[in-house]
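Undergrad: The following block contains the structure, expressed as C-alpha cells.
The values are calculated or read from the model by the stated rules, or taken from the named source; none is laboratory data. A quick note: this is a predicted structure, and the numbers were derived from the prediction, not measured. Note that we place each Cβ from the backbone using ideal geometry, even for glycine, and neighbour counts take in every protein chain shown.
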Amino acid sequence: MQQRVAERVVHEPSHRPARSRYCAHCGVVNFADAESCRRCRTELLDAPSAHAAPDRAAATSTSRGVGRRLGFIAGAIVLSVFGWSRSLLLTSTPIDAGQRQLVMQAILVLKQNGFSREAAMLGHFANYRATDNWWNTYLGHREAYAATNFPLGVVTLYPRFFSVASDDTERAAILLHEAQHLLGAGEPAALELTWREKHRLGWTADKYGESRVWKNTKEWTTSEVPSLFQCGADVHSDCAM
C-alpha cells in the first residue's frame, strides 16, 4: 500500500500554475503561452513575468515619493522668498509720485542710450522704496545713493539720489549700477561696468568731473577695481576714458 501511494505521488502530474506574461505596453497579465496581449494585441516578445509588475509599481511609488518631496521643498523655498520679500516691503516706504517721475526719466535716458536690458529690469521688475527695510538696516551701508536687494528686486533710493545727483544723466548712471545688481552682479562688477560705459550716457569728466556723484563713484570704483586707474604716464589715469 505504501509503495503504491508513493508511486502515485511520484507520477501524479504537477498542477503548479504556469508563469504568466506581463504586457509592457498596457500592463495586462497574459497567459504564458500567449503570443500577443489579450487587451492591446501588442506582441509579447520576451516580456517580463507577472512578478515584474509589483517591481514596477514600487519604482513608480518611489518616484512619486521623491517628486512629492521635491515639490514640498520647492514650495517651501517659494513661500520663504515671498515672505522675505513682503517683509522688506512692509518695513519700508515707497517713493512718491514726484520721485517716481524722476526715476522714469532716468530710465528713459538709459533706454535712449542703448541700455535696453537694464531699462527693462528697472522699469518692470524693480520695486522702488524711499526708506531702508529691516534687512538694509541690519546690514548697514556706507554713504550710498541707492541699494538693491537681490534677487527680490527691491531698490532703495536714498535722499541723495534725488537731491545730490545733478540731473537725469547722473541718476541714470546710478540706476545703471543698480541694474547690474538686479541682474545678479556683485559690487565690483557693477562699479566696473558703470565706469566703463559712462561715456555712452554722456556722463563724462569734462561735464561732470566736479560733481559729488562723479567724485564718489570714482572713489568707490578706484577702491574696488583699481585696475581701471593704472593707465597713462602717471599710472593713475582713467583707463576707461
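Undergrad: If I go through segment 113-125 residue by residue, how many of them are in contact with a helix residue (DSSP H, G or I) (Cβ under 6 Å, 6 or more places away or on another chain) and of a type in the set (A, V, I, L, M, F, W, C)?
TA: Summing the residues that are in contact with a helix residue (DSSP H, G or I) (Cβ under 6 Å, 6 or more places away or on another chain) and of a type in the set (A, V, I, L, M, F, W, C) in segment 113-125 gives 3.
Undergrad: Something else about it: Do we have residue 143 as modelled with pLDDT under 95 and acidic (Asp, Glu) here?
TA: Yes.
Undergrad: Condition (residue is out of contact with any helix residue (DSSP H, G or I) (no Cβ under 7 Å at 6 or more places or on another chain), modelled with pLDDT of 75 or more, not assigned by TED's automatic domain parsing to the domain that holds residue 131 and not in a helix (DSSP H, G or I)) applied to segment 44-64: is it met by at least one residue?
TA: The answer is yes; a qualifying residue exists.
Undergrad: Out of the residues in segment 103-128 that are under 22 Å from the mean Cα position of the chain (by Cα) and of a type in the set (D, E, K, R), state the one that is farthest from residue 162 (Cα to Cα).
TA: 117
Undergrad: Another question, if that's okay. Would you mention how many residues in segment 118-150 are in contact (Cβ under 8 Å) with a residue 60 or more places away in the chain and over 12 Å from residue 178 (Cα atoms)?
TA: 1
Undergrad: Can I ask one more? Could you list, in sequence order, all residues of segment 169-207 that are of a type in the set (Ser, Thr, Tyr) and more than 17 Å from residue 144 (Cβ to Cβ)?
TA: If the condition is that a residue be of a type in the set (Ser, Thr, Tyr) and more than 17 Å from residue 144 (Cβ to Cβ), then 169, 204 are the ones that fit.
Undergrad: Still on this structure, please answer the following. Looking at segment 208-232, I want the residues that are under 20 Å from residue 147 (Cβ atoms) and of a type in the set (Asp, Glu) and have a partner that is at pLDDT 95 or above and buried (at least 19 other Cβ atoms within 10 Å of the Cβ) with Cβ atoms under 6 Å, at least 6 apart or on another chain. Which pairs are those?
TA: From segment 208-232, the pairs are 224/191.
Undergrad: In segment 190-207, which residues are part of a helix (DSSP H, G or I) and in contact (Cβ under 8 Å) with a residue 60 or more places away in the chain?
TA: Within segment 190-207, 200, 201 qualify.
Undergrad: How about segment 151-171: which of its residues are under 25 Å from residue 199 (Cα atoms) and either among the polar types (S, T, N, Q) or part of a helix (DSSP H, G or I) (or both)?
TA: 160, 161, 162, 163, 166, 168, 169, 170, 171
Undergrad: Let me confirm something: among 160, 129, 100, 117, which residue is of a type in the set (D, E, K, R) and over 25 Å from residue 200 (Cα atoms)?
TA: Only one candidate qualifies: 129.
Undergrad: In addition: Does residue 118 meet the test of being assigned to a helix (DSSP H, G or I), among the acidic types (Asp, Glu) and modelled with pLDDT of 70 or more?
TA: In short, yes.
Undergrad: Can you tell me which of (1) loosely packed, with under 14 Cβ neighbours inside 10 Å; (2) in a helix (DSSP H, G or I) is the one residue 184 doesn't meet?
TA: Unmet condition: (2).
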